[in-house]
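Okay, so here's the structure we're looking at.
The values are calculated or read from the model by the stated rules, or taken from the named source; none is laboratory data. It should be emphasised that the depicted structure is a prediction, and the values quoted were computed from it without experimental measurement. No Cβ is skipped: glycine too gets one built from the backbone with ideal geometry, and neighbour counts run over all protein chains shown. For the accessible areas, the whole protein counts, side chains as well, though only heavy atoms, and no ligand, DNA or RNA atoms are used. Shrake-Rupley method; radii C 1.70, N 1.55, O 1.52, S 1.80 Å.
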Amino acid sequence: MGMTMSQKILAAAAGLDKVEAGQLIEAKLDLVLGNDITASVAIHELGKFKKKEVFDKDKIALVMDHFIPNKDIKSAENCKTCRDFAVRNDITNYYDAGQMGIEHALIPEKGLAKAGDVIIGADSHTCTYGALGAFSTGVGSTDMAAGMITGKAWFKVPAAIRVTITGKPDKWISGKDVILHLIGEIGVDGALYKSLEFAGDGIQYLTMDDRLTISNMAIEAGGKNGIFPVDEQTIAYMKEHGAGEWKAYEADEDAVYEREVTIDLSTLKHTVAFPHLPENTKTFDEIGDIPIDQVVIGSCTNGRIQDLRQAAAILKGRRVKKNLRCIIIPATEHIYLQALREGLIETFIEAGAVVSTPTCGPCLGGYMGILAAKERCVSTTNRNFVGRMGHVESEVYLADPAVAASSAVTGKISQPSELGL
């Protein structure tokens, strides 16, 4: 019986020749990640450990992103806790205001995640790095604390679902549509504690930004992780970002999958997740006139340069609908600068949108776009739970950047074809 990609990576990290689904292992870690909310909790937990020193100052990353710049006293205190800890332990990869970004966009950009790595992070969307062929998953702050001290973590080896991607997508279809379609098909618990392993000849038509988006939302299907095979695009990305030595793993031909799903990109349509779960998906043949109050384009899911380019292509020469707010948040400082140099920021502002410094901001109802009661928002973020972006009586509709930008122009949930695009 063969192993999946994830199982091979975990076996190597545990020093074992073979592992099976359900097996408990202790694996060495290549990176331990935390943000301004979760790392501060982990740092306080370290007081319960006899050993106080971190296992490797180069293999810990602390990214201040959820409430940066600080929105209140509590967020300022959390960041100070992380900042002081980083100084005490000489943490190499500490990112604060002015040099930071949303963690799951920043870590790949900095070359800190690579094929074959085992990565844990005290944030559920740590599964993003599977786009690079890494095994990466979210953990609690206590597990993060243990990882920072020992450089190891316990795992139950996950079973797997194989997602075969075929065909070539239409112009405006992107990775967000792929993952929303998948979640709509299998449900928010369809991959519970399983590895979503992507395969198929259609992957060649998915950019790295697409793949990062798809892996990012594996957790929204309940997945332990999401992972892509390492191909020429992956290798080029890692080289461009200075990722260092990496190792590609391939699933065995006789690897065992609990389920197999096929997605044909050539027939894929723009997909929108209605309130209040990511599985509540509809395509535009099922969507009527739904007026909205706000659009958010950004987050660790869709704040990358491809997303901003798509949004700008739609907003150029057009105006945001009167009485509607359109908030655009580049995911990192590098992406912000790139968008500035390409003229995208100018396009956004001329269209009547507001552009923020990199931050998670409104995604988790933090700041920079909180919703009032009865307000509706089309967002490129990853969750639309009750009260996720503000008042419990507000509504969040998850969509790709093209749909979000089109909706900003029309004032209702719309797709590019409604603008003649």
| request: Scan region 322-347 and report the pairs whose first residue is in contact (Cβ under 8 Å) with a residue 60 or more places away in the chain and hydroxyl-bearing (S, T, Y) and whose second residue is in a helix (DSSP H, G or I) and open to solvent by less than 90 Å² (accessible area, probe 1.4 Å), with Cβ atoms within less than 7 Å and a gap of 6+ or a chain change. | output: T332/A105; T332/L106; T332/E109
| message | Looking at region 293-306, can you tell me whether even one residue there is over 18 Å from the mean Cα position of the chain (by Cα) and either modelled with pLDDT under 95 or open to solvent by 20 Å² or more (accessible area, probe 1.4 Å) (or both)? | response | yes
| task | State whether the residues of region 127-145 include one that is at positive phi, modelled with pLDDT of 95 or more and either assigned to a loop (DSSP other than H, G, I, E, B) or aliphatic (A, V, I, L, M) (or both). | result | yes
| Filtered residues of region 98-124 (kept if of a type outside the set (A, V, I, L, M), open to solvent by 10 Å² or more (accessible area, probe 1.4 Å), on the phi < 0 side of the Ramachandran plot and out of contact with any Asp or Glu (no Cβ under 7 Å at 6 or more places or on another chain)) | E109, K110, K114, S124
| task | Kindly list the number of the only condition in (1) farther than 24 Å from E232 by Cβ; (2) open to solvent by 30 Å² or more (accessible area, probe 1.4 Å); (3) among the β-branched types (V, I, T) that fails for T166. | result | (1)
| note | Among the residues of region 47-61, the number that are open to solvent by 90 Å² or more (accessible area, probe 1.4 Å) and under 23 Å from the mean Cα position of the chain (by Cα) is 0
| note | Contact list, first residue from region 78-102 and in contact (Cβ under 8 Å) with a residue 24 or more places away in the chain, second anywhere and among the hydroxyl-bearing types (S, T, Y) and assigned to a helix (DSSP H, G or I), beta-carbon distance below 9 Å, six or more apart or interchain, is N78/S40; C79/S40; T81/S40; C82/S40; F85/S40; G101/Y336; I102/S299
| Is there a residue being of a type in the set (G, A, S), under 27 Å from P362 (Cβ atoms) and crowded, with 22+ Cβ neighbours inside 10 Å anywhere in region 62-84? | no
| task | Would you please name the residue that is least open to solvent (accessible area, probe 1.4 Å), looking only at residues in region 199-252 that are aromatic (F, W, Y) and outside any loop (DSSP other than H, G, I, E, B)? | result | Y237
| request: Can you work out which of the residues in region 378-388 that are under 17 Å from the mean Cα position of the chain (by Cα) and open to solvent by 10 Å² or more (accessible area, probe 1.4 Å) is farthest from G352 (Cα to Cα)? | output: F385
| field | Every residue from region 197-214 that is touching a residue at least 60 places away in the same chain (Cβ under 8 Å) and within 17 Å of Y257 (Cβ to Cβ) | value | E197, G200
| Selection count where residues are in contact with a Lys or Arg (Cβ under 8 Å, 6 or more places away or on another chain), assigned to a strand (DSSP E or B) and either without any contact (Cβ under 8 Å) to a residue 40 or more places away in the chain or not hydrophobic (A, V, I, L, M, F, W, C) (or both), scope region 259-290 | 4
| note | Residue hits (region 1-13; farther than 11 Å from A160 by Cα and either surrounded by fewer than 19 Cβ atoms within 10 Å (Cβ to Cβ) or in contact with a helix residue (DSSP H, G or I) (Cβ under 7 Å, 6 or more places away or on another chain) (or both)) are M1, G2, A12
| request: Scan region 18-25 and give yes if some residue there is touching a Ser or Thr at 6+ places or on another chain (Cβ under 9 Å), buried (at least 16 other Cβ atoms within 10 Å of the Cβ) and more than 28 Å from P358 (Cα to Cα), otherwise no. | output: yes
| request: State which residue is surrounded by the fewest Cβ atoms within 10 Å (Cβ to Cβ) when the search covers only region 389-421 and only residues that are out of contact with any Ser or Thr (no Cβ under 6 Å at 6 or more places or on another chain), free of Cβ contacts under 8 Å to residues at least 40 places away in the same chain and not in a helix (DSSP H, G or I). | output: G420
| task | Pick out the one residue from I345, I335, I349 that is within 22 Å of the chain's Cα centre (by Cα) and either farther than 23 Å from N70 by Cβ or buried (at least 19 other Cβ atoms within 10 Å of the Cβ) (or both). | result | I335
| Residues located in region 125-152, provided they are in contact with an Asp or Glu (Cβ under 6 Å, 6 or more places away or on another chain) and under 15 Å from S6 (Cβ atoms) | A134, G138
| note | Residue set A145, A134, A122; condition in contact with a Leu (Cβ under 6 Å, 6 or more places away or on another chain) and in contact (Cβ under 8 Å) with a residue 12 or more places away in the chain; output residue A145
| task | Test T281 against the criterion of being within 26 Å of E220 (Cβ to Cβ) and crowded, with 19+ Cβ neighbours inside 10 Å, and give yes or no. | result | yes
| message | Take residues that are closer than 24 Å to C300 by Cβ and tell me which of the strands (runs of 3 or more DSSP E) falling wholly in region 1-106 contain 2 or more. | response | 31-35, 60-63, 93-95
